[in-house]
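Data block below; observations after.
The values are calculated or read from the model by the stated rules, or taken from the named source; none is laboratory data. Just so it is clear, the model here is predicted, and its values are computed rather than measured. For neighbour counting, all protein chains shown are included, and Cβ atoms are generated from backbone atoms with ideal geometry for every residue, glycine included.
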Amino acid sequence: MNGAANFAFANRQIMGHKVRKIFKEHFNVDVNLLYDITHNIAKLEEHIINGKSKKLIVHRKGATRAFKNQPVLIPGDMGTSSYILIGTEKSESLAFGSSAHGAGRVLGRRQAKKRLNSKDILAELKSKNISIIAKSKGTIVEEAPAFIRI
C-alpha cells in the first residue's frame with residue numbers, strides 16, 4: 001500500500017506541475033496548489049483510546065482525514081451541494097479524525113446498472129435544470145443522485 005500511495009502522490013505532483021506549466025505558458029497565470037490529501041488508504045497514526053495513546057493502522061475507505069483545523073472537502077453528487085468543512089478535536093476522538101470524502105451512493109455501482117436507466121436520470125436532472133456531461137451512460141447511472149426515484 002505504501003508503494004501504491006507513493007506512486008499516486010508522485011503522479012498527482014507531476015500532473016499538477018504540468019497544469020501549472022501550461023497555465024503559465026498559455027495564460028501567463030500562476031496556479032498554486034490549494035488542497036491535496038489522500039483517501040481510501042491505511043496509515044499508521046496515534047489516537048487516544050480509553051485515555052491512552054495507541055498506535056493504530058487507520059484505513060479510510062470511503063473517507064478522508066479530518067484532523068483538527070484541517071480542511072475537509074466533501075463533493076456533492078450530480079444533484080447535491082458540496083461542502084467545505086474543518087476538522088475538530090471531536091472528529092479526532094469520535095472517528096479517528098475521519099470524514100466522508102464524497103456524497104455517497106444511492107446504490108452500489110452494480111445495483112445501479114441493473115435498476116436504473118440513464119434516460120430516466122437525464123430526464124429527471126433536466127426537470128431540475130441540471131445538465132451534465134459524462135464519460136458514458138454507465139457513469140450517469142453509477143453516479144445517480146439521491147433524489148432519483150428507484
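Only residues that are in contact (Cβ under 8 Å) with a residue 40 or more places away in the chain, surrounded by 15 or more Cβ atoms within 10 Å (Cβ to Cβ) and not in a strand (DSSP E or B) were counted in the stretch 46-98, giving 6. Scanning the stretch 13-30 for residues that are assigned by TED's automatic domain parsing to the domain that holds residue 98, small (Gly, Ala, Ser) and farther than 30 Å from residue 128 by Cα turns up nothing.
Would you be able to say whether some residue in the stretch 109-130 is under 15 Å from the mean Cα position of the chain (by Cα) and either under 30 Å from residue 2 (Cβ atoms) or aromatic (Phe, Trp, Tyr) (or both)? Give the derivation first.
Start the filter on the stretch 109-130 by keeping residues that are under 15 Å from the mean Cα position of the chain (by Cα), which leaves none.
Looking for residues that are under 15 Å from the mean Cα position of the chain (by Cα) and either under 30 Å from residue 2 (Cβ atoms) or aromatic (Phe, Trp, Tyr) (or both), one finds none in the stretch 109-130, hence no.
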